[in-house]
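The values are calculated or read from the model by the stated rules, or taken from the named source; none is laboratory data. Keep in mind the model is a prediction, meaning the values are calculated, not measured. Cβ placement follows ideal geometry from the backbone for every residue including glycine, while neighbour counts extend to all protein chains displayed.
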């Protein structure tokens, strides 16, 4: 049961671009949902790897390591779930938008250092994880046709909220300069 939840934790990073409300005809298909999850997962791992290279802050580094660890496990699980369901991931406007936006964010992350980097990285992660809870409940879960995929998305929501709370705690410390240098 837990592996189903872990398999979709990658959807958490979908928050980088807002998924607009869609009519039933424009909802993402199951293959597109899997494609969104895979793209989003890759992106958050890449952001976290940059943070691990650049940040000196323990809270930021701990959060980034959690993202690498969780999303690396997700990469394996989501591919297994897709295989089990006979779903081949497909690109969509959302997954393409995620990738395009990640290019911009990656450039910004690479250009920043020190406190400015830490603040930008963790602010981005809070936004990412906040919007995903809305995207999962408002678009991805209602759009999923396969009951196992739908159940995994529903069951993952507490994990998304846990990542969001962790990111908010780090954000408060970074913003308040409560972290030790």
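Can residue 164 be described as on the phi < 0 side of the Ramachandran plot and modelled with pLDDT of 85 or more? Spelling it out, residue 164 is indeed on the phi < 0 side of the Ramachandran plot and modelled with pLDDT of 85 or more.
Scanning the stretch 147-163 for residues that are in contact (Cβ under 8 Å) with a residue 40 or more places away in the chain and surrounded by 18 or more Cβ atoms within 10 Å (Cβ to Cβ) returns 149, 152, 153, 156, 159, 160, 163. State yes or no: is residue 98 at pLDDT below 95, within 17 Å of residue 125 (Cα to Cα) and buried (at least 20 other Cβ atoms within 10 Å of the Cβ)? Judged against the criteria, residue 98 is a match. Residues that are farther than 17 Å from residue 30 by Cα and assigned to a helix (DSSP H, G or I) occur at least once in the stretch 141-157. When residue 125 is tested against (1) farther than 17 Å from residue 78 by Cβ; (2) surrounded by fewer than 24 Cβ atoms within 10 Å (Cβ to Cβ); (3) in contact with a helix residue (DSSP H, G or I) (Cβ under 9 Å, 6 or more places away or on another chain), only condition (2) is not met. Anything in the stretch 73-90 that is surrounded by 14 or more Cβ atoms within 10 Å (Cβ to Cβ) and within 16 Å of residue 39 (Cβ to Cβ)? List them, or say none. Hits for the stretch 73-90 are 74, 75, 77, 78, 79, 81, 82, 87, 89, 90.
Give me the residue from the stretch 56-87 that is outside any helix (DSSP H, G or I) and at pLDDT 95 or above and, out of that set, farthest from residue 160 (Cα to Cα). Show your work before the answer.
Quick first cut of the stretch 56-87, residues outside any helix (DSSP H, G or I) only: 56-57, 86-87.
From what is left, the residues that are at pLDDT 95 or above are 56-57.
On the way: 56: 25, 57: 23 Å.
The selected residue is 56.
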